[in-house]
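Below is one structure, written out as C-alpha cells; the observations come after it.
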C-alpha cells in the first residue's frame, strides 16, 4: 500500500497584500487565504516566491503565519516558506512553523553564496533539522534555480532523503524543466513531488506526483483543482489544456504584479495591487490589457460575491 | 577643496569565527577585529560577503556588532553590512547600526528576485532611508554581481546619489571589472569608491578612489596599507605588484575557507578554520599546500606574537 501523503493537490503560494504604510496587511491576507481554500486549494504555502516571501522580515513572516493559524485555516494545511540564507534565521522560522502545528515547511537552500558544494548544502539542512530538533518537522525542498540560482541536484536530494527519511518528505520543482521533475519522480517515488506550475500537473500525476504548487493558483484554483480531481477521467487532457493555456496567458505579464492587479480589479480594491520593492506595480494600461485579454480569450474572471 | 571623506584606506570585511556549537564566536571575532586595526586597517566592514554575513541571523549580526562597539573599536570606523532581501530586516539592521554610531553601512541590493527593474531597486533604498529616518545614516552601495547577481547600474547609482546626496555617499565595487569601477569614479567623483580587491587599489587611487575593501585584507592588511600610504611614491608600482601577486595566489583557493585556514594555522587555533554551511572547511591537505605555497613564493606568514 502506498504511503499516505501529507500534502497533495493544489497548493497556492499565498500572495501577500501590503497596506498604505508598506507593511503586510494581515486582514486582506487572511481573507485571501480563506478564499483560496474555498476556491479549491487543498493547502497553502505562504511566504513562497510569489508571496514576496523573501521581501518579508522575520517578524513579519511569523506574525502573518500566526494570523492564518488564528483564522479558519487548519495548520496541517499550511506549508510556509521558512528558508533563509542564514542558518540561524532558517531555524527560527522553521521552529516557529512546527510549534504552530504546520503540516510542513517549504525550504529554499541558502541562496546568497553561489555554486556551493553539495556537502555544504547537505550540512545546512542537517543543521536546520538538528537545530529545530522536532520529529514533527516535515521539509519540502524548494528547487527554483531560475530565481534562487542555488538548487538541489538529484544526488543531493538522494542524500537528504536517505539521511532524513522521516523529515525530508517532498519537493517543489520550479525549474520549469519537466525532464528534471520526471527524473526526481522516477528516482525518489517516496517523495511528495509538486511541479511549480499547473502546466505539468497532469503529467506529474500520471508519474506519481502529488499535485502542484503554483503562483497562478492564487487566481485559478478552481480549474486546477478540477484537473487534480478528474485526472483519471476522459476529460483530463482537455481540462489540462485549458489550465495550461490560461497559465501561459497570465505568465506573459510580470507574475506577481499581474496577479495582484487581477485581484485588485475583481475585488474592486485598488490597494490590493501594492507590491513591495524590488517589485513595482503593473502600470494601469498593462493591467487593463491583462484583464481584458484574459477575459476575452479565456473567459477569466474572479468572483468574490460569496467571499467572507 | 575636496570634501572630507568619511571612510578611506584599507577596510577588511571581518571574518566571522564560529564556536563548537556552530554559533558565532564573539571572543575570537573581537580579537581578530582588534588585530586587523593593529595590522593597518583603517576601518572594518563586518558582515560582508567574506564575513559569511548572509549566513548570520539578524540577532547574530546585531549582537556581534555590539561586541565590536563594546571593545576598543571606534564605531565611526565600522561599516557593517546591513543589506537583506527583506526590506523590513534591512531597516532593522541599518537602524541598529546607526544607533550604535557606525560611520556607515554597506548595503547589498535585495538579491533574491533576479532582474528587478531600476525603479524597484530605487524604491527599496528610498524605503530603507525613510524607514531608518536618521540623518546620521551614510550608505555605501555594495555592488557584487558575481555573487548577489543583482547589482547597481550606473544610472541607478546616479539616481540614488542625486536623490540622497547626503546619505548615499559611497560604493564598493566587487564586480572585478576595472572598467566598471573607472566608469563609476568618472561619473560620480563625489562618491567614496572602493574597489573590492586590492588588485585595483593603485589604479583606483590614481583615479580618485578612496581605498579598497578586500577579503584578503583579513590577512594582508599591512602590505595593502603600505600601498595606500605610499601611492604617490616612486615605490608604489612595485608595492602594488607585490600585493597583486599575493592576492592572486590566495584567491587560487576557495577564499573564505582558505583565509580561515591561514589564520587557524598561524594562530595555532584549529577552531578558527570552522565555516558555516553552505561553506565547508578547506581539506587539510589543501590547507597545508596553501600555507606552504604562500610562504615559499611570497614569504607570507602571520604574526600574532604581539596580538592582544
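Label separation (residue A:229 vs residue A:155): 4.5 nm, computed from points 7 Å beyond Cα along the C-beta direction.
What is chain A's relative contact order, in percent, from Cα pairs under 8 angstrom and six or more apart in sequence?
Numbers: 532 pairs, mean separation 54.7, N = 308.
That works out to 18 percent.
Note on the protein assembly as shown: percent of Cα-Cα distances in each 10 Å bin, starting at 0 and stopping at the bin with the largest distance, equals 3, 16, 26, 24, 17, 10, 4, 1, 0. Each other copy holds its own label point for residue A:130; taking that point as 7 Å from Cα along Cα to Cβ, the gaps run 4.5 nm, nearest first. Inter-copy label distances for residue A:165: 6.8 nm (label point placed 7 Å from Cα along Cα→Cβ; shortest first).
I'd like the FRET efficiency for residue A:72 and residue B:74, computed as 1/(1 + (r/R0)^6) with the beta carbon distance as r and R0 of 60 Å, rounded to 0.05. Let's see the in-between values first.
Numbers: r = 55 Å, r/R0 = 0.91.
The calculated FRET efficiency here is 0.65.
Using a label position 7 Å from Cα in the Cα→Cβ direction, what is the ascending list of nm distances from residue A:27 to the same site in the other copies? Nearest to farthest, the other copies are at 5.3 nm. Secondary-structure-derived ellipticity at 222 nm for chain B, considering helices only, amounts to -14000 deg cm²/dmol, per-run term -39500 (n - 2.57) for DSSP H runs with n ≥ 4. Between B:98, B:147, B:199, the residue with the greatest mean-square fluctuation in the GNM of chain B (Cα pairs under 10 Å linked by springs) is B:147. Here the extension length gained between residue A:286 and residue A:163 equals 39.4 nm, from 0.36 nm per residue of separation less the Cα-Cα distance. Size estimate for the range A:9-224 follows the Kirkwood approach: the inverse of mean 1/r over distinct Cα pairs works out to 17.0 Å.
One way to sum up the overall shape of the range B:1-73 is the equivalent ellipsoid from its Cα gyration tensor, whose semi-axes run 24, 13, 11 Å, largest first. Taking a ≥ b ≥ c as the square roots of the eigenvalues of the Cα gyration tensor of the range B:116-270, is the shape rounded (a/c under 1.5), prolate (a/b larger than b/c) or oblate? Prolate is the answer for the range B:116-270, as a/c is 1.5 or above and a/b outweighs b/c.
Between residue A:190 and residue A:119, the C-beta separation translates, for a Förster distance of 22 Å, into a calculated FRET efficiency of about 0.40.
Distance between the 7 Å Cα→Cβ label points at residue B:178 and residue A:6: 5.4 nm.
Each of B:69, B:30, A:193 was scored by other Cβ atoms within 10 Å of its Cβ. Listed from fewest to most, they are B:69, B:30, A:193. Taken over the range A:247-304, the ratio of Cα radius of gyration to 2.2 N^0.38 Å equals 1.04.
Rule-based calculations on the coordinates, nothing more; no lab input. Computed from a predicted structure; not experimentally measured. Please note: Cβ atoms are built from the backbone with ideal geometry, for glycine as well, and neighbour counts cover all protein chains shown.
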